[in-house]
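Remarks on the structure that follows.
The values are calculated or read from the model by the stated rules, or taken from the named source; none is laboratory data. No experiment lies behind these values; they were computed from the predicted model shown. Every residue, glycine among them, receives a Cβ derived from its backbone with ideal geometry; neighbour counts consider all protein chains shown. Remember, those area values only see protein heavy atoms, side chains included, never the ligands or the DNA or RNA. Shrake-Rupley method; radii C 1.70, N 1.55, O 1.52, S 1.80 Å.
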Amino acid sequence: MTTEELRESLLMKPKNGLRQLTAQQREEMETYCKGYMAFIDACKTEREATAWAVREAEKRGYRPFVPGMDVKPGDKIYYNNRDKAIALAVIGSESLAKGINICAAHVDSPRMDIKPNPLYEDGEIAYFKTHYYGGIKKYQWPTIPLALHGVVYRKDGSVITITIGEDDNDPVLMVTDLLIHLAADQMQKTLAKGIEGEQLNVLLGTEPLEGEGADLVKLNIMKLLNEKYGLIESDFLSAELTVVPAGRCREVGLDRSLLGAYGHDDRVCAYAELDALFAVENPTKTAVCILADKEEIGSVGISGMQSQFFEHFVGGLCDAQGVKLSDCFANSFCLSADVSNAFDPNFPEVSDKRNNSLLNYGVAICKYTGSRGKGGASDASAEAMGHVRTTLNNAGVIWQIATLGKVDQGGGGTVAAYMANRNIVTVDAGVPVLSMHAPIELVSKLDCYETMLACKAIYLA
């Protein structure tokens, strides 16, 4: 063999995925991304994503899970976990004893949550107190348009949904920052300390009510909320309100190759899973899609991936077939669909470029996540990685390998460890992201599309 022949046969030659697409594939990619843009605009919280999934599933013939129900091949079933997480399944022709094929993502994203007693006035300005949720750079959140999303359980027992700041006719909210002219002390602080958590107070208004007494601006804000939503101040004690960036997903770049939006992490993978599952009919193995909550704070709580809601759902399906849940899990495979960090030439020092995911090189497969000495990772086996490699290659999916930055730089986690703890073979995979956890994140259209194709291939494996 010549040197060139050896090079061709022995060495890897990664290629930009946009150079590999046919005209038809490009058209399919654009159509898919338009659907995703509509989804990400409509779903800025885990509640909204769950409600969207329920609506779309029911349009396609999915029916709610009921313990003790009969199931047969081809049945489409979903389990709505308290309106904050959801699992969906298409029952396969094989027994559940032979395992299931799972794609698992999360639908919560970093944000600012309203505190239980949030409303106050200071300097004749009304504010909401917040507690940030998940890992954020606090300095990124002041001076950008913000929207209020969530639900309130009112004194009379009724529950109402609130969305303010997304309609073009809505006002937006905002967190202020210190003017540069008086920021001499602030500018000496580290980025972590430039804006403190207790300074992330959301400005609501400045107009006082007519009359005498204190807190007339606060009272006016409460009056407006009462007139529109029937709220009284004590209703905040039983509310779940979040502050997120206002605005829609936009195409980014003169070539329109990227998408910029709040919450790509991880709703970009959630949509890929759902869209792929909705295309599955009569699989061999049962295909299961999970959209979980609370990943950004450790997958804890009743709607997180460490809870028993997944066992409750799959266990009920197994009971219908007379199968032990432990046997099902032992023969199952899970693609933990979560985003990776795309290589950013502005910050090359934090990445091992040989092992970092790149924009436009397809879905990123991660053998492990975790931090430093692989802490918190499930660390997939060679066999598990081989299964993904073979499955995606056979389906013609464009994919790449990824790790989360340099070894001692930091790291992160996904739901993979919690799926693996259930004795389910698990591998991480997802869309590479620029500016992860920022108010606006960037993803490649190509990578979004290939992640959906990867999920579909796993369901059908």
Taking amide hydrogens as modeled 1.01 Å from N in the peptide plane, which residues meet the under 5 Å criterion relative to Ser340, leaving out close sequence neighbours?
Val431, Val433
Accessible area in square angstrom per residue, the chain, 1.4 angstrom probe
47 Å²
Out of Ile91, Ile221, Pro171 - ranked by how far each Cα lies towards the positive end of the dipole of the chain, with unit charges on the beta-carbon of charged residues - the top one is Ile91
Could you tell me which of rounded, prolate or oblate describes the chain, using a ≥ b ≥ c as the square roots of the eigenvalues of the alpha-carbon gyration tensor, with rounded for a/c under 1.5 and, failing that, prolate when a/b is larger than b/c and oblate otherwise?
oblate
What do you get for GluC sites (Glu not before Pro) in the range 142-203 restricted to DSSP loop and a cutoff of at most 13 other Cβ within 10 Å of the site's Cβ?
Glu196
Whole-Hz ³J(HN,Hα) for each residue in the range 188-193, computed from phi via Karplus 6.51 cos²θ - 1.76 cosθ + 1.60 with θ = phi - 60°, x for glycine and proline: what do you get?
8, 7, 6, 4, 5, 10
Just want the answer: with Cβ charges of +1 for Lys and Arg and -1 for Asp and Glu, which residue in Ala382, Ile297, Ser351 is farthest toward the dipole's positive end in the range 284-435?
Ala382
Among Asn331, Ile144, Val431, the residue whose Cα sits farthest towards the positive end of the charge dipole of the chain (+1 at Cβ of Lys and Arg, -1 at Cβ of Asp and Glu, taken about the Cα centre) is Asn331
Defining a contact as two alpha carbons under 8 Å apart and six or more residues distant in sequence, what relative contact order in percent does the chain show?
22 percent
For the range 280-373, which GluC sites (Glu not before Pro) are in a loop by DSSP, counting at most 11 other Cβ atoms within 10 Å?
Glu281
Could you list which residues have their amide H under 5 Å from that of Lys115, counting only those 5 or more apart in sequence or on another chain, with H placed in the peptide plane?
Lys129, Thr130, His131
³J(HN,Hα) computed for each position of the range 198-214 - Karplus, 6.51 cos²θ - 1.76 cosθ + 1.60, integer Hz, glycine/proline x
6, 8, 7, 9, 8, 6, 10, x, 9, 8, x, 6, 5, x, 10, x, 8
Sequence gap at least 6, Cα distance under 8 Å: using those rules, report the relative contact order of the range 338-405 to the nearest whole percent.
44 percent
In whole percent, how big is the carbon plus sulfur part of the accessible area of the chain, probe 1.4 Å, protein atoms only?
52 percent
Give the residue list of trypsin sites (Lys or Arg not before Pro) in the range 254-343 that are DSSP loop and have at most 12 other beta-carbon atoms within 10 angstrom.
Arg256
Distance cut-off 26 Å, Cα to Cα: go down the list Lys84/Lys374; Lys15/Lys406; Lys34/Lys129; Lys374/Lys445 and report the pairs above it.
Lys84/Lys374; Lys34/Lys129; Lys374/Lys445
Karplus ³J(HN,Hα) for the range 172-177 (6.51 cos²θ - 1.76 cosθ + 1.60, θ = phi - 60°; Hz, whole; x = Gly/Pro) runs 10, 9, 7, 9, 8, 10
For Lys193, list the aspartates and glutamates whose Cα falls under 15 Å from its own Cα; do not include residues on the same chain fewer than 8 positions away.
Asp177, Asp185
How large is the dipole of the range 197-282 about the Cα centre if only Lys and Arg carry +1 and Asp and Glu carry -1, each at its Cβ, rounded to the nearest 20 debye?
260 debye
To the nearest 20 debye, what is the magnitude of the charge dipole of the chain about its Cα centre, counting +1 on the Cβ of each Lys and Arg and -1 on the Cβ of each Asp and Glu?
1340 debye
